[in-house]
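Shown next, in structure tokens, is the structure this report addresses.
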Amino acid sequence: MPSQNLRESRLKVAIIGAGPAGLGAAIEFNKLPFVDWTVYEKASAVREIGAGLSIQSNTWRLLESMGAAKNLKPKDFFRPADNHSVQHRNGRTGELLVSHGQPGTPESQLHARAHRAKLQNALLKEVDTKHISLSKRLIKVTRQASGRQLIEFQDGFKDEVDLVVGADGVRSVVRSFAFPDHRVSYTGRTSYRTLITSEEVARVPDVPNAVTFWQGPSQWLYTCPLGDGLFEITTMVNEPNEGGEKEKVSWGQDATVEQMTRHFKDFAPITKDILALSKDVKQYALFAGPRLESVVANGSVALVGDASHPLSGAFGNGAGFALEDVYALAASISWAYERDLNLSEGLNLFDQVRSPHYAKLYGILDEFGKTDAYVRASNFDFDGAVKVLIEQTWSQRHHWLYDYDASPLSNGSTNVPGPR
Ligand SMILES: Cc1cc2nc3c(=O)[nH]c(=O)nc-3n(C[C@H](O)[C@H](O)[C@H](O)COP(=O)(O)OP(=O)(O)OC[C@H]3O[C@@H](n4cnc5c(N)ncnc54)[C@H](O)[C@@H]3O)c2cc1C
């Protein structure tokens, strides 16, 4: 059954999820006069727990084009005075090993860190909230003989739509119906995060006023001001899945300070002093899955954000990838509309643009995995392991992904950046 010719009738779109991907999709679809859209969100309010998040130049560009950048005031985020993006330090000695500048990046698009809620609110301000339906947990998606999709919610509400946009995160229900064989699982990595105030961290002398990774052989600590008087402490550690517990824990569960700090006994005194300030710790068991061959299905489903690429926070740019996805999706559908084509042709263009991009990102993850395996097998001491990890993982080689410019897509061009 061919999908709908876009000029024949208005396109009815259900966007599932009101995270960065869903809100970005709402902004982009609202620009298309032939689209009627609704966002369905399972939570009773659009809110963000989490902690800090990086806003790289690709994300800033899209926030500017979506009109949301203006909603982020300078006090809402942190930018280091030297315009360097990140400091990488040896976690044991504290020695600064690498710090990258951002030559050529416009000032308004320099790397910044903000609380995730700031980004969420900046996007939300650009969305017509009359079209957001809260407390709507999607439970089922069924393709109809007409080619449309029937969406069903836990509260009994049902609707039939031309296009379902799965923006429902790493454990996407939309994906589970579109690609039933695809599975995500616990990666063996858990992140612990806590927020403290700038005054509290000022009690520890010489804490870098920078976005700082304190690298260890199998774990890292991340410290960073976030703007608005907040300071973020995040750790990433290996934790086995004892008793299958991690499969139950996904995002933002309570954890103890001891759980957060126990992996850092060999670290420098300054890092222990910072960690000692931790309180209200949350744990994030990281889930990931294999790359999907396609991010569209049946000419009537498109996956965006973490639903389409369960990368588990790798690259610290998932919100940026999500905004790229929704920009590309709306531009592809608009491209098909202008050429009197049908919906599936627009979705195919979207897939041609985004699937190869994710193939490149998964390729980088494979490289990271090989470096980790090499370090594990090589019997390095702390400093030796750190040196290899920083050289291999944090060189500028992968920086092209933060320079990605999605704007050629508005002309139907698939000519977008890749590895140099
Ligand atoms: C440890 C860690 C660190 C990270 N750091 C960064 C960073 O520095 N920078 C960055 O850009 N990204 C970062 N990310 C990634 C970023 O958090 C995600 O990539 C981003 O939030 C993805 O947005 P999304 O809208 O696709 O999904 P989500 O933010 O997960 O939103 C999904 C939405 O869908 C809703 N939903 C889910 N299921 C249903 C359902 N059945 N029915 C209705 N609604 C539903 C949820 O309630 C939620 O509101 C990090 C991730 C992790 C794990």
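Residues of segment 171-193 being part of a helix (DSSP H, G or I) and in contact (Cβ under 8 Å) with a residue 12 or more places away in the chain, which ones?
Hits for segment 171-193 are VAL173, VAL174, ARG175, PHE177, ALA178.
What residue, of LYS125, LYS136, LYS118, is within 23 Å of PRO20 (Cβ to Cβ), away from the ligand (no atom under 15 Å from the Cβ) and not polar (S, T, N, Q)?
On the way: LYS136 fails: away from the ligand (no atom under 15 Å from the Cβ); LYS118 fails: away from the ligand (no atom under 15 Å from the Cβ).
The conditions single out LYS125.
Check off (1) closer than 30 Å to THR93 by Cα; (2) touching a Pro at 6+ places or on another chain (Cβ under 9 Å) for VAL184 and give me the number that stays unchecked.
Going through (1) closer than 30 Å to THR93 by Cα; (2) touching a Pro at 6+ places or on another chain (Cβ under 9 Å) one by one, VAL184 breaks only (1).
Under the condition of being within 12 Å of the ligand (Cβ to nearest atom) and open to solvent by 10 Å² or more (accessible area, probe 1.4 Å), which residue from segment 312-329 is farthest from THR235 (Cα to Cα)?
Pass one, segment 312-329, residues within 12 Å of the ligand (Cβ to nearest atom): 312-326.
This time we only want the ones that are open to solvent by 10 Å² or more (accessible area, probe 1.4 Å), so: 312-316, 318-319.
On the way: SER312: 14, GLY313: 13, ALA314: 14, PHE315: 15, GLY316: 13, GLY318: 18, ALA319: 20 Å.
Among those that are within 12 Å of the ligand (Cβ to nearest atom) and open to solvent by 10 Å² or more (accessible area, probe 1.4 Å), it is ALA319.
So the check is Cβ under 7 Å with 6+ separation or different chains; which pairs have a first residue in segment 80-91 that's at positive phi and a second one that's at pLDDT below 90 and part of a loop (DSSP other than H, G, I, E, B)?
Filtered contacts from segment 80-91: ASN83/GLY101; ASN83/GLN102.
Would you check which residues across segment 31-47 are more than 8 Å from the ligand (Cβ to nearest atom) and touching a helix residue (DSSP H, G or I) at 6+ places or on another chain (Cβ under 8 Å) and list them?
Initial filter on segment 31-47 (more than 8 Å from the ligand (Cβ to nearest atom)): 31-39, 44-45, 47.
Correct list: LYS31, LEU32, PHE34, VAL35, TRP37, THR38, VAL39, ARG47.
Got at least one residue in segment 130-153 being aromatic (Phe, Trp, Tyr) and either closer than 26 Å to GLU324 by Cα or open to solvent by 50 Å² or more (accessible area, probe 1.4 Å) (or both)?
Start the filter on segment 130-153 by keeping residues that are aromatic (Phe, Trp, Tyr), which leaves 153.
With either closer than 26 Å to GLU324 by Cα or open to solvent by 50 Å² or more (accessible area, probe 1.4 Å) (or both) added as a condition, the list becomes none.
For segment 130-153, residues aromatic (Phe, Trp, Tyr) and either closer than 26 Å to GLU324 by Cα or open to solvent by 50 Å² or more (accessible area, probe 1.4 Å) (or both): absent.
Kindly indicate the residue of segment 8-26 that is open to solvent by less than 10 Å² (accessible area, probe 1.4 Å) and more than 6 Å from the ligand (Cβ to nearest atom) and also farthest from ILE233 (Cα to Cα) among those meeting that condition.
Among them, the one singled out is LEU11.
Among the residues in segment 330-343, are any within 22 Å of HIS88 (Cα to Cα), in contact (Cβ under 8 Å) with a residue 24 or more places away in the chain, within 16 Å of the ligand (Cβ to nearest atom) and assigned to a helix (DSSP H, G or I)?
No, there is no match, as no residue in segment 330-343 is within 22 Å of HIS88 (Cα to Cα), in contact (Cβ under 8 Å) with a residue 24 or more places away in the chain, within 16 Å of the ligand (Cβ to nearest atom) and assigned to a helix (DSSP H, G or I).
Quick one: which residue in HIS111, HIS115 is open to solvent by 20 Å² or more (accessible area, probe 1.4 Å) and modelled with pLDDT under 95? Steps first, answer last, please.
Numbers: HIS111 fails: open to solvent by 20 Å² or more (accessible area, probe 1.4 Å).
Just a single option satisfies the conditions, and that option is HIS115.
Do we find a residue being open to solvent by less than 20 Å² (accessible area, probe 1.4 Å) and closer than 18 Å to ALA406 by Cα anywhere in segment 70-93?
No.
Please work out which one of (1) within 16 Å of the ligand (Cβ to nearest atom); (2) in contact with a Ser or Thr (Cβ under 6 Å, 6 or more places away or on another chain); (3) at pLDDT below 95; (4) open to solvent by less than 30 Å² (accessible area, probe 1.4 Å) is the condition VAL295 fails and give its number.
Against the list (1) within 16 Å of the ligand (Cβ to nearest atom); (2) in contact with a Ser or Thr (Cβ under 6 Å, 6 or more places away or on another chain); (3) at pLDDT below 95; (4) open to solvent by less than 30 Å² (accessible area, probe 1.4 Å), VAL295 comes up short only on (3).
Go through the residues of segment 345-354 one by one and say whether even a single one is among the aromatic types (Phe, Trp, Tyr), open to solvent by less than 40 Å² (accessible area, probe 1.4 Å), at pLDDT 90 or above and touching an Asp or Glu at 6+ places or on another chain (Cβ under 7 Å). Steps first, please.
So the first thing to find is which residues in segment 345-354 are among the aromatic types (Phe, Trp, Tyr), and the list is 350.
Those left that are additionally open to solvent by less than 40 Å² (accessible area, probe 1.4 Å): 350.
If we keep only those that are at pLDDT 90 or above as well, we get 350.
Still in the running and touching an Asp or Glu at 6+ places or on another chain (Cβ under 7 Å): none.
No, there is no match, as no residue in segment 345-354 is among the aromatic types (Phe, Trp, Tyr), open to solvent by less than 40 Å² (accessible area, probe 1.4 Å), at pLDDT 90 or above and touching an Asp or Glu at 6+ places or on another chain (Cβ under 7 Å).
The values are calculated or read from the model by the stated rules, or taken from the named source; none is laboratory data. A quick note: this is a predicted structure, and the numbers were derived from the prediction, not measured. In this analysis, Cβ positions are derived from the backbone assuming ideal geometry, glycine residues included, and neighbour counts consider all displayed protein chains. Just so you know, the surface numbers come from the protein's heavy atoms only, side chains and all, with ligands and any DNA or RNA stripped out. Shrake-Rupley method; radii C 1.70, N 1.55, O 1.52, S 1.80 Å.
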